[in-house]
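The values are calculated or read from the model by the stated rules, or taken from the named source; none is laboratory data. No experiment lies behind these values; they were computed from the predicted model shown. As a convention, Cβ positions derive from the backbone with ideal geometry for all residues, glycine included, and neighbour counts pool all protein chains shown.
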Amino acid sequence: MVQIEASISESVGQEVPIPRNATAEAEPKNIKQPDVDGEYVAAEKLNKELINTEFAPIMEPGHRRVSKDTADGILFQFEDEPSYYYVVTTYISYLVLLIIGHVRDFFGKRFHKDDYKYLKDSDGYAPLYNHFDNFYVRRLKFRINDCFSRPTMGVPGRMIRLLNRYSTDNNSSFKLTGDTSLSLNVSSYNYLGFAQSHGPCAVAVEKAVRENGLSTCSASTTCGNYGIHLEVEELTAKFVGKPASLIFSQGFGTNSTVFSALMGPGSLIISDELNHASIRFGSRQSGANIRVFKHNNMTDLERVLREVISQGQPRTHRPYTKILVVIEGLYSMEGNFADLPRIMELKKRYKFYLFIDEAHSIGAIGPHGGGICDYFGIPTTDVDILMGTFTKSFGAAGGYVASSLEIVNKLRVTNPGYIYAESMSPAVLAQIKSSFLEIMDQSPGSIGLERIERLAFNSRYVRLGLKRLGFIIYGNDDSPVVPLLLYNPGKINAFSHEMLKRGVSIVVVGYPACPLLTSRVRFCFSASHNKADLDYILRACDEIGEKLQLKISSGAAGEDVGKTNFENIKKKQGWYSPPRWSIEDVISRGVEDTLKQ
């Protein structure tokens with residue numbers, strides 16, 4: 001596999017040799033070993049090559065910016081739509097795939113019956129799968145199955161090591177070749193770059209394992225917690241600005257169990273239509289009535305609020321006992337932020353409770369990494385319940401709920417995810433604690449603020465570059481999640497393969513994870529990347545975009561330093577002659593224009 005060009009390593013100014021074959025994992029020469037006192041040797045003795053593949057040194061001190069709301073209309077940026085040509089050809093592509101799939105099934109059921117036995121009644125047993133539900137997986141997903149769930153090893157930092165594999169049965173299963181490939185990682189939620197095998201976090205984790213072992217082997221309500229468990233709860237509450245917090249061993253489990261402890265029959269949950277599956281699952285478990293409003297559409301949210309307040313519960317029309325509006329701070333598939341200022345206006349007017357899922361926004365946005373409230377400058381005391389996870393920005397696992405002391409105490413005795421689930425591992429708690437201390441600048445030699453500002457710079461720099469190259473990009477400019485629209489299903493695996501040939505690991509997304517028409521690449525940028533990495537990605541996208549005809553935007557979103565004025569766009573001449581930037585101009589102007597915004 002062709003790997004990242006050596007120019008990346010050279011531009012970093014550090015010795016980070018990346019072999020072009022990259023088929024065998026480099027053995028670090030100075031792995032930490034316990035000394036006579038049981039302590040580990042200093043992190044600086046680690047092999048420099050290993051360190052830089054996990055977290056790249058910053059190229060210039062100026063490659064940083066503050067992530068905060070501005071007055072340039074950033075929240076409601078222009079989103080291009082494809083021409084009818086791309087819409088029609090995308091639907092035709094799916095139609096062709098469906099026809100071919102049904103033809104293969106028709107003949108397969110007659111001539112290869114053993115391959116379809118799990119779709120038919122057999123010896124009195126009902127079919128294991130529904131034929132229609134299974135059709136998409138068999139006839140569409142398997143065609144590009146090699147783009148998903150690629151096995152990896154090591155730390156998913158700036159770079160990631162893939163276990164090479166191959167298939168002999170049309171992607172139904174895979175076998176490992178025995179060698180590996182090193183690639184630039186823009187697929188992990190490693191927003192602040194804490195996925196590292198060295199440094200203060202790694203040392204703290206190793207110490208926690210030696211002192212406390214790996215697990216309490218029980219739920220918190222059975223054998224209690226370690227002292228570090230309470231420390232992390234206090235740190236979490238302090239960081240998000242709430243009186244108390246409760247931590248859970250799983251992020252998905254946090255949302256899937258918290259609503260049943262807060263809501264019930266007679267109450268109402270109003271949820272954004274693009275909320276995470278864990279929120280949907282937990283809401284259904286609660287037994288409360290559920291209403292959905294259009295994604296980030298405050299007019300529709302207000303319409304729903306007026307209707308449910310005036311009409312009450314179905315059939316009885318009795319008033320709801322309580323109303324909880326549930327949103328996310330950063331929507332990970334769209335890359336956009338919740339319209340929190342407008343939601344707070346509605347909250348004051350209609351007196352509902354507000355629950356914000358900050359799984360992707362906590363640590364990743366805001367001047368201090370405090371999430372969506374920090375980004376907009378809204379006090380967290382105005383929000384009733386804040387939820388988040390430690391799996392993204394903190395490089396750990398688990399989730400939390402932060403609120404008033406009364407609500408947290410209620411959750412301790414009523415939430416099944418806390419009562420019955422295993423207590424969080426001391427090693428994970430140590431990772432969370434040490435990352436919190438670094439972000440809050442409370443540990444020696446911390447670079448927490450640098451991580452936050454590097455992430456903000458990286459996010460804006462790449463977004464602006466991709467827009468100027470002519471790609472259709474979704475989301476807010478300060479979002480570390482950057483969706484690049486592909487549309488045609490054939491371009492999903494083509495883009496993934498082309499990027500992998502150039503030594504870049506990405507995530508591609510298709511239906512049903514996103515609407516049928518809007519297949520996409522989801523780049524996830526990190527503080528561990530530097531400008532050389534970003535330039536390499538832009539050059540790769542430029543080449544592939546030309547080959548796959550992906551530069552189909554109007555160009556409006558990428559000009560005027562990335563700002564958008566809807567009235568000016570409508571008045572512009574030459575709408576159908578979209579402006580385009582060369583890759584050299586994009587890179588030469590990128591830093592200056594990113595810092596201007």
Mind checking which residues of the stretch 277-322 are β-branched (Val, Ile, Thr) and surrounded by 22 or more Cβ atoms within 10 Å (Cβ to Cβ)?
Ile279
From the list Arg315, Arg306, Arg349, which residue is among the basic types (Lys, Arg) and modelled with pLDDT under 95?
Arg315
Would a scan of the stretch 394-406 turn up a residue that is in a helix (DSSP H, G or I) and either at pLDDT below 95 or assigned by TED's automatic domain parsing to the domain that holds Ala261 (or both)?
yes
Single residue of Ser256, Ser267, Ser271, Ser283 found to be touching a residue at least 60 places away in the same chain (Cβ under 8 Å) and among the polar types (S, T, N, Q):
Ser256
So is Ser220 modelled with pLDDT of 95 or more and buried (at least 21 other Cβ atoms within 10 Å of the Cβ) or not?
no
Scan the stretch 470-488 and tell me whether some residue there is surrounded by fewer than 23 Cβ atoms within 10 Å (Cβ to Cβ), among the acidic types (Asp, Glu) and not in a helix (DSSP H, G or I).
no
If Ala430 satisfies all but one of (1) crowded, with 24+ Cβ neighbours inside 10 Å; (2) touching a Ser or Thr at 6+ places or on another chain (Cβ under 9 Å); (3) farther than 26 Å from Val66 by Cβ, what's the number of the condition it fails?
(2)
Against the condition crowded, with 21+ Cβ neighbours inside 10 Å, in contact with a Pro (Cβ under 8 Å, 6 or more places away or on another chain), assigned by TED's automatic domain parsing to the domain that holds Val408 and in contact (Cβ under 8 Å) with a residue 40 or more places away in the chain, how does Ala195 come out, does it pass?
no
Of the conditions (1) surrounded by fewer than 22 Cβ atoms within 10 Å (Cβ to Cβ); (2) assigned to a loop (DSSP other than H, G, I, E, B); (3) modelled with pLDDT of 65 or more; (4) not charged (D, E, K, R), Leu550 satisfies every one except a single condition; which number is it?
(1)
Go through the residues of the stretch 359-374 one by one and say whether even a single one is in contact with a Gly (Cβ under 9 Å, 6 or more places away or on another chain), in contact (Cβ under 8 Å) with a residue 24 or more places away in the chain, crowded, with 18+ Cβ neighbours inside 10 Å and part of a strand (DSSP E or B).
no
Expected output for the stretch 200-227 (first residue under 15 Å from Met424 (Cβ atoms), partner among the polar types (S, T, N, Q) and in a helix (DSSP H, G or I), Cβ below 8 Å, 6+ apart or cross-chain) is Ala204/Gln431; Ala204/Ser434; Val205/Gln431; Val205/Ser434; Tyr226/Asn212
Return the only residue of Ser245, Ser215 being in a loop (DSSP other than H, G, I, E, B) and either in the same structural domain as Gly370 (by TED's automatic domain parsing) or over 21 Å from Glu438 (Cβ atoms) (or both).
Ser215
Just to be sure I understand the filter: pairs with C-beta atoms under 9 Å, separated by 6 or more residues or on different chains, first member in the stretch 287-304 and farther than 20 Å from Gly329 by Cα, second member in a helix (DSSP H, G or I) and aromatic (Phe, Trp, Tyr). Which pairs pass?
Ala288/Phe259
